[in-house]
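Written out below as structure tokens is the structure these notes cover.
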């Protein structure tokens with residue numbers, strides 16, 4: 001079942017992409033996946049090919065790290081599906097305040113300045 005947060009309720013802590021302290025961690029996630037293969041999220045050309053599925057189990061990994069000032073992540077990132085522009089490529093029943101979906105994403109060598 002899609003979890004819809006109350007208006008103004010912050011996204012779950014698992015949505016944080018970067019660690020605040022040195023180390024590596026892994027979160028196991030499940031839920032609605034909307035992973036665009038092409039296009040742009042907020043303007044034309046919008047994604048034409050989007051991998052969509054529902055994973056009822058927490059088996060999709062999301063790995064985060066902080067090594068000094070180098071931060072990064074790899075895996076199934078949670079993102080808020082609350083912008084009406086998503087209606088151009090996301091299932092309309094998911095686009096509302098508080099909705100969260102997953103997409104495969106990576107930031108392998110980001111600098112924390």
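Since every read-out is calculated from the coordinates, none of them should be taken as a lab result. The model shown is predicted, which means the values in this text are computed figures rather than measured ones. A quick note on method: Cβ atoms are made from the backbone with ideal geometry, for glycine too, and the neighbour counts reach across all protein chains shown.
In nm, give the distance between the simple-model label positions of residue 92 and residue 109, each being 7 Å from the Cα along the Cα-to-Cβ direction.
Taking the two extended label points, one gets 4.5 nm.
Under Stokes-Einstein, with the Kirkwood radius over Cα pairs standing in for Rh, what whole-number D in µm²/s applies to the range 27-111 at 4 °C and 1.567 mPa s? Write out the running numbers ahead of the final one.
Working: Rh = 13.8 Å.
Taking Rh from Cα pairs, D becomes 94 µm²/s.
Once label points are set 7 Å from the Cα along Cα→Cβ at both residue 60 and residue 20, what is their separation, rounded to one decimal in nm?
Reported label-point gap for residue 60 and residue 20 is 2.6 nm.
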